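Here the structure comes first, spelled out in structure tokens, and everything after it is commentary.
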Amino acid sequence: MWKDLSKEEMLRSASVLGVALTGTRQDQVVDALEASGYPNNAIIGASRAPITPAGLGGQVDAIVAAAVASAEARLSGQIQSVADSVKSAKPVDVSASVAAAVSAAFKPMRDAMKTAPAEVVDRVVAAAPRERRPIAEVFGVVMPGDCEVWGAPGKFDPDYIFLPEQLGLALLALESGDNFWLWGERGTGKTQFAVNLAARLGRPFFRVSFDANLERAEFVGADGLENGATKWKDGVVLQAYRTPGAVCLLDEASTCRPEYATALHALLEPGSSFTVTSTGEKVDRAAGMCFIAADNTNATGDSSGRYAGTRVQNAALVDRFAFTEKVTFLPEATEIALLVKHGADAAVAKSLINVFTRCRAEVGGALVEPPSLRAAFAFARYVRVLSPLRAWEVTVVNKSPEESHETLRQIFSAHWA
């Protein structure tokens, strides 16, 4: 069938597939296309018209479907060959053979994606089969069920501890395409929850650190000058919005000015789209993409007065998050074990967490805020070379509001064993 095409159509098909041509003679183009192994009906149909970012639509779907189907077929056949070799007792390195089969099966897709438009790449990523693995294996927690893993794990903290109930809620949200809001005291691990969740699931991670001065143009996008010409540039939020499987962390979300936060309303909707006004480009929310907000408040205000700069947010914004979960400190035994794992002496860890528990009980009364777990790690390091009281002074007391200093000293003296 390739021979029935004009030379121009064959070259266009080759360009779509990313097929490397050794020459421009018609017979060489035909040979290269036939060697690619792609189902030619879908590719020919997709390549009859030039592919442009504005005119992809169903053409890209056809290309993606053909590419994925071809890769899956190749992979299945090559792995079956490995299995047959094992059955017939032929000497074979199974792991190396399977790895080679996977690499060979997906090589044409990788080659095509090197020069493909961004729209093609996004759809290939969204259409590619993803692996389901036991939650216990991925996150190191004892709980049933499995989860969708998008790719190789990113950089995560092996010591981060996921609580099963919170993790279960987050995984359900990701499976459902929902956004969710985490709130609680500083040092309870809200930001690290999002970072480690994305990393272990192999999902792309984006973070926006809000404050009162961060404007819409900075986190969504705006026109700017590039080489003397006006050009639209995506902000972090829109970059994440375009990326299949992405997790976008809206950190300190309630510090955003409500009039700026309204720009997020449409983007937070599942299955939504965003139109770049200056270019007319319509951007669809990528498959599997989700937003997580992490904040010291639940967006309804801070009655304690401890989190200056936070604001009451528009109820319409909050309503676009499927659930709001309060993140609290870990159980005492878990915190002690974590400190020991980080190198603290067991007796030091037990005494320190006892002091921390007493401090937390005084919040809202004698103390403005409790020391964070980060301070506990610092104390455990510095107490090796300083006296306990001096280590407490430099890692906890001196970082706290002045009105809390004396109370912190008294609590430490009374409860450090």
> Can you tell which of 237, 195 is under 15 Å from residue 268 (Cα atoms) and buried (at least 18 other Cβ atoms within 10 Å of the Cβ)?
Replying inline: 237
>> Of all residues being outside any helix (DSSP H, G or I) and polar (S, T, N, Q) in the range 166-219, which is farthest from residue 144 (Cα to Cα)? Just the residue, please.
In response: 213
>> Yes or no: the range 220-240 includes at least one residue that is hydrophobic (A, V, I, L, M, F, W, C) and closer than 30 Å to residue 134 by Cβ.
In response: yes
> When you go through 280, 245 one by one, which is the residue that is in contact (Cβ under 8 Å) with a residue 12 or more places away in the chain and either loosely packed, with under 13 Cβ neighbours inside 10 Å or more than 26 Å from residue 186 (Cβ to Cβ) (or both)?
Replying inline: 245
>> residue 404 - would you say it is surrounded by 15 or more Cβ atoms within 10 Å (Cβ to Cβ), assigned to a helix (DSSP H, G or I) and hydroxyl-bearing (Ser, Thr, Tyr)?
In response: yes
>> Please go through the range 301-323 and give me each residue that is at pLDDT 90 or above and not basic (Lys, Arg), ordered by number.
In response: 312, 313, 314, 315, 316, 317, 318, 319, 321, 322, 323
> Which condition number in (1) farther than 22 Å from residue 190 by Cβ; (2) among the hydrophobic types (A, V, I, L, M, F, W, C); (3) in a helix (DSSP H, G or I) is the one that residue 353 fails?
Replying inline: (1)
> Among the residues of the range 358-365, is there at least one that is in contact with a Gly (Cβ under 7 Å, 6 or more places away or on another chain) and assigned to a helix (DSSP H, G or I)?
Replying inline: no
>> Looking only at the range 160-183, filter to residues that are under 15 Å from the mean Cα position of the chain (by Cα) and among the charged types (D, E, K, R); which one of those is surrounded by the fewest Cβ atoms within 10 Å (Cβ to Cβ)?
In response: 175
> What number of residues in the range 255-275 are among the aliphatic types (A, V, I, L, M), crowded, with 16+ Cβ neighbours inside 10 Å and assigned to a loop (DSSP other than H, G, I, E, B)?
Replying inline: 2
> Taking the range 358-372 as the region of interest, how many residues are within 22 Å of residue 338 (Cα to Cα) and in contact with a helix residue (DSSP H, G or I) (Cβ under 7 Å, 6 or more places away or on another chain)?
Replying inline: 4
> Within the range 184-192, is even one residue free of Cβ contacts under 8 Å to residues at least 24 places away in the same chain, within 19 Å of residue 330 (Cα to Cα) and either in the same structural domain as residue 287 (by TED's automatic domain parsing) or surrounded by 15 or more Cβ atoms within 10 Å (Cβ to Cβ) (or both)?
Replying inline: no
> Just a yes or no: is a residue in the range 257-277 basic (Lys, Arg), closer than 25 Å to residue 309 by Cα and at pLDDT 90 or above?
Replying inline: yes
>> Just the residues that are loosely packed, with under 15 Cβ neighbours inside 10 Å and not basic (Lys, Arg), please, taken from the range 358-381.
In response: 361, 364, 365
> Within the range 259-281, can you find the residues that are acidic (Asp, Glu) and at positive phi?
Replying inline: none
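The values are calculated or read from the model by the stated rules, or taken from the named source; none is laboratory data. The structure displayed is predicted, hence computed values, not measured ones. In this analysis, Cβ positions are derived from the backbone assuming ideal geometry, glycine residues included, and neighbour counts consider all displayed protein chains.
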